Amino acid sequence: MRRTWSLLLMLVLSSAVVLSVAWAAQVKIVVEGEHYNSIKPSMAVGTSQSASGGKFVHIPLRRPHGENESGPYDNGNAVFKINVPRAGIYRLWARTHWHDECGNSFFVVVDGGQPSWIGEDGTVQKWHWVKGKSYTLSAGVHTIKFQNREDGAKLDQFLLTTDTRYVPTRIEKETKQYLVGN
Amino acid sequence: MVVGHWNATGRLAWALCVALIGVNLLSSEALAQEEETKPQSPSSDGVYWLEEPAEVPYVLAGQFHKSNKGLDVTLHMAGGEKGTDGLALEISQGKARFLRISDGKASPLGVPGDISFLGDEPVSFSLHRTSWQLDLLCSGRVVCQAWSYAPAATVERVGWQGGEGQVEDLRVQPVGSIYKADSFMRIETGEGEWEPGRGQWRQRALREDQQADTMDATKTTNPFSYFGEVKGDEAPAVSTLGYWFWTDYRVSASVRGGQDSVIGLVVCYQDADNYLGVRWSSAVAAQEPHTLKLVAVEGGQEKVLAQTRAGFLPDQWYRLSLGYSGGKLVCWVDGRKRLVADTILFGEGAAGLLADGAEGIFFDDVLVEDWEVVYDDFSAPAPGKWIAQGGDWQVTGGVIKVTSGGGEALVVTGRPEWANYSAGVAVKVNSGGAGIVVGAGETTQVAAMLQRTGKTDRLAILRKLGQQGHWEELVAVPVSAAASANNGWRRLEIDVEDGYIKASCDGVTARAFVPGVGKGRVGLVSPPASSAAFDNFSLNFIPPPPTSHLVKEFTDVQQHFEMAEWASTRHAWVPVAQELGVPEADNPKYEGQWVTKGDFHGDYSVQIPLADIGAKDFIMTVVLDAEPGWQGTGVGVQIQGKQGQKVLTFTVTSGEEKVTQQQVEVTEPTASVTCRRKSEFVAIAVDGKVIYSGKLLPPEGTTVLAQPAQTGESK
């Protein structure tokens with residue numbers, strides 16, 4: 001009898017696993033650049049009518065610009081905390097505005113790991129989405145840091161999605177339910 | 001969990017449970033995706049609605065899956081308040097057609113298409129829903145089209161319902177403005193966003209380019225470029241940029257090839273064996289010289305759509321452009337339209353660069369941007385494309401004409417958001433007149449009208465204020481009698497760009513400036529008691545001019561000497577004294593004066609952002625069309641502000657003569673002033689509102705001289 005109940009219990013548990021996973025849809029996390037958890041100069045908040053919510057974060061243009069090829073002047077950054085609802089491979093996208101080809105990228109650091117960069121495309125002086133790397137994220141809280149790589153770089157929004165086919169083309173609606181402590 | 005002593009049955013049960021969990025975890029991703037795109041069950045109205053509505057414009061993508069009895073499904077784009085009211089695509093009995101559904105009743109829309117080519121395997125489709133047009137693309141071709149206006153950001157529920165067969169993997173891809181640019185100014189290992197397909201592609205810098213020895217500034221635009229060449233037997237080399245859902249765009253690039261190379265651009269790229277393109281050979285090529293052709297490559301087989309004799313000179317830079325919109329494929333060389341072709345293939349896809357032949361190709365300054373053209377040869381009725389707003393109109397016998405109604409007849413097409421375009425139509429006037437209206441439905445409308453009085457024709461530009469206003473003649477010129485060879489047909493055209501109007505008919509031109517005009521639908525108008533027919537309507541959007549920023553970067557040409565000679569619209573402004581090479585003793589005469597080395601020939605616009613208005617006194621002067629040092633020439637616009645006042649004083653001079661002085665009150669501490677030269681007109685606007693316009697210049701322009709503040713400073 002006890003074995004029968006055990007068997008039934010196991011079947012119920014396995015079904016629960018199946019159902020919970022089956023109901024999990026593609027995830028899209030959208031965060032406004034000005035909704036950071038912390039910000040460090042030279043990263044600063046800026047305003048623009050073309051930015052979502054009228055605000056963005058950026059590494060302000062320095063003068064002279066584009067002459068220091070040894071690296072950024074500082075490690076100014078904005079840190080975001082997000083609560084990832086389920087484990088998966090997430091593609092990063094960022095809505096950016098570059099001053100020119102010498103101000104067209106950010107460093108990206110996820111959970112304190114190795115920095116990678118996003119940008120280095122040729123579309124300047126226009127808000128547009130750029131595709132970043134893919135990251136394997138577990139369910140739970142993660143930190144995303146956008147850091148100074150070149151001055152003149154602006155960030156309006158960023159997006160993480162498990163949908164490999166999705167391409168953001170417009171301003172996206174922020175998913176506040178995934179923000180932590182903001 | 002209790003674990004005890006198990007017999008064989010118990011162990012088998014354990015194993016089955018573990019296996020069940022494992023298999024379902026492995027398939028959970030696929031299941032999750034499928035569950036997201038296919039609702040569990042239809043709603044009460046029988047429609048499988050997607051959970052999230054779609055915001056116009058968007059692309060609805062999925063797969064048609066025919067059953068053994070065929071495919072009988074309907075895609076819904078419901079924007080109405082109830083049920084399925086809105087738009088729909090019906091697939092039934094091998095036909096596809098768009099419908100408008102209102103109060104549950106369906107009426108046909110647009111031009112239907114044949115879809116009987118669908119096989120037993122699932123076939124991908126994409127339905128492009130813009131704020132004016134709907135296109136169904138399936139199996140690499142445009143199947144059917146319709147027109148129905150909805151303001152951008154209109155939200156529609158999307159879903160499908162069916163009898164036979166089904167729609168699978170239905171999903172929404174949002175669509176936005178297309179704009180990508182690349183001057184390849186980055187490290188050599190950086191690909192940017194390019195996805196090299198076939199061939200070998202890499203960044204190139206000037207110093208390894210053969211031009212490095214000559215440093216000839218007349219032959220390229222900057223030291224960096226993208227080089228593509230064929231590798232092995234796989235030809236041509238192609239590198240692409242963009243996404244599968246791109247449509248209505250133009251790709252342009254500065255290109256340079258060798259004697260035996262083939263230069264090309266690609267649009268609607270599906271894969272290496274399926275795309276639309278332009279291929280261009282040199283004037284001295286060993287094979288197929290002097291050839292510029294538009295091609296469609298389908299299944300790896302090339303079909304020539306249009307061709308002309310035109311070869312490039314080896315090692316010379318050119319500007320090559322290729323655009324696709326609504327089935328039209330157009331190619332330009334150095335800004336001049338060279339080839340046009342029609343095709344129903346593909347209809348969407350990425351843009352790309354193509355290199356073929358024995359030598360590689362240099363590409364630079366690539367630009368991909370929205371590009372839309374509208375054509376109608378009235379070969380068949382297309383319900384919804386033209387909306388009658390006066391009189392009864394009919395598409396018949398390959399033309400559109402008024403069939404009844406004695407008053408003014410007007411039929412309009414397009415979107416209210418259309419701005420700055422060139423529209424043309426063939427007209428045959430038997431009596432009265434025929435015209436094109438721009439800004440149809442707006443507060444101010446302008447028409448280019450061909451009027452017939454007896455045997456005399458004239459071309460007039462008319463203006464109407466308000467919907468109930470009367471047409472007021474602004475300018476009129478005589479037009480010679482229609483050539484008998486054309487059987488009475490003439491080509492009537494109108495350009496509208498931020499208030500500037502140019503009307504033309506068979507080589508005769510009239511111009512006017514009407515502030516506030518430049519936006520709105522386009523209409524065909526027939527005055528009261530007229531008899532006229534219209535055919536071959538076309539509309540092209542006038543691209544915005546290239547911009548140049550007055551920036552301080554790279555004014556120190558000592559450090560980047562190799563860039564000092566490069567003339568581009570993005571080149572820095574340099575002090576006039578330096579440009580003229582004046583002796584140092586004379587420098588104070590030119591203090592505070594700058595000139596740009598950018599090439600601004602013809603029409604241009606200078607935009608001056610003002611900040612901190614009222615913080616201090618300032619004077620700023622912009623002179624249009626004056627050579628550096630030629631004081632007292634050109635058109636001068638002096639802007640003056642005083643401390644504590646939110647009033648700007650504009651003084652306009654033409655040469656030495658004062659033309660006008662105006663004061664403008666601003667409410668904010670910032671303002672944007674635009675001084676625009678368009679043909680012989682000069683228009684000055686503050687925050688988009690024109691405060692002065694006049695005919696002050698001869699048609700050609702040269703350089704712009706800007707003199708910053710003499711007292712205080714304004715950014």
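Brief remarks follow.
- Inter-chain Cβ neighbour average for residues B:179-185, partner chain, 10 Å: 5
- Here r is the Cβ-Cβ distance between residue A:55 and residue B:358 and R0 is 56 Å; the resulting FRET efficiency, rounded to 0.05, is 0.55.
- The range B:141-186 has equivalent-ellipsoid semi-axes of 32, 17, 13 Å, by the square roots of 5 times the alpha carbon gyration tensor eigenvalues, sorted largest first.
- Mean projected area of the convex hull spanned by the Cα atoms of the range B:320-366, taken over all viewing directions: 4.2 nm².
- Comparing Cα centroids, the range B:309-353 and the range B:67-116 end up 35 angstrom apart.
- Residue order, fewest to most surrounding Cβ atoms within 10 angstrom, among B:178, B:542: B:542, B:178
- Taken over the range B:179-371, the ratio of Cα radius of gyration to 2.2 N^0.38 Å equals 0.94.
- Shielding of A:164-171 by partner chains, average beta-carbon count, 10 Å: 6
- Extension gain, residue B:153-residue B:645: 0.36 nm per intervening residue step, less the Cα-Cα distance, totals 173.1 nm.
- Spread of Cα-to-Cα distances over 10 Å intervals beginning at zero, given as percent, for the range B:368-461: 13, 44, 35, 7, 1
- Charge context of residue A:96, other residues only, Cβ under 12 angstrom, K/R +1, D/E -1: +1
- Relative frequency of Cα-Cα separations exceeding 17 Å in the range B:48-174, percent: 52 percent
- Label point of residue B:531 set 7 angstrom out along Cα-Cβ; within the range B:441-462, amide nitrogens under 20 Å from it belong to B:450-458.
- Environment charge of residue B:366, counting only residues whose C-beta is closer than 10 Å and scoring Lys/Arg +1, Asp/Glu -1: -2
- Rounded FRET efficiency, nearest 0.05, which uses the C-beta distance separating residue B:658 from residue B:309 and R0 of 45 Å: 0.25
- Solvent-free Debye scattering, log10 I(q)/I(0), computed from the Cα coordinates of the range B:442-496 at q = 0.17, 0.19, 0.21, 0.31 Å⁻¹: -0.62, -0.73, -0.83, -1.25
- GluC sites (Glu not before Pro) lying in DSSP loop within the range B:279-359, provided at most 13 other Cβ fall within 10 Å: none
- Sparse-neighbour loop sites [GluC sites (Glu not before Pro); the range A:33-128; at most 10 other C-beta within 10 Å; DSSP]: A:69
- Residue B:109 sits among other residues whose Cβ lies under 11 Å from its own Cβ, and their net charge, with Lys and Arg +1 and Asp and Glu -1, is +2.
- Using a cut-off of 31 Å between Cα atoms, the listed pairs A:55/B:464; B:328/B:428; B:428/B:695; A:126/B:293; B:464/B:646; A:133/B:303 include A:55/B:464; B:428/B:695; A:126/B:293; B:464/B:646; A:133/B:303 as exceeding that distance.
- Efficiency of FRET from Cβ geometry, residue A:165 and residue B:273, R₀ 25 Å, rounded to 0.05: 0.70
- For the range B:370-425, taking Cα atoms only, Rg and Dmax work out to 12.5, 41 Å respectively.
- Qualifying chymotrypsin sites (Phe, Trp or Tyr not before Pro) in the range B:266-360, where qualification requires a DSSP coil assignment and no more than 16 other C-beta atoms within 10 Å, are lacking entirely.
- Hull-based mean projected area of the range A:22-95, where the convex hull spans the alpha carbons, in square nanometres: 7.1 nm²
All of the numbers you see were taken from the coordinates with simple rules; none came from a lab. These numbers come from a predicted model, not from an experiment. We place every Cβ from the backbone using ideal geometry, glycine too, and count neighbours over all the protein chains shown.
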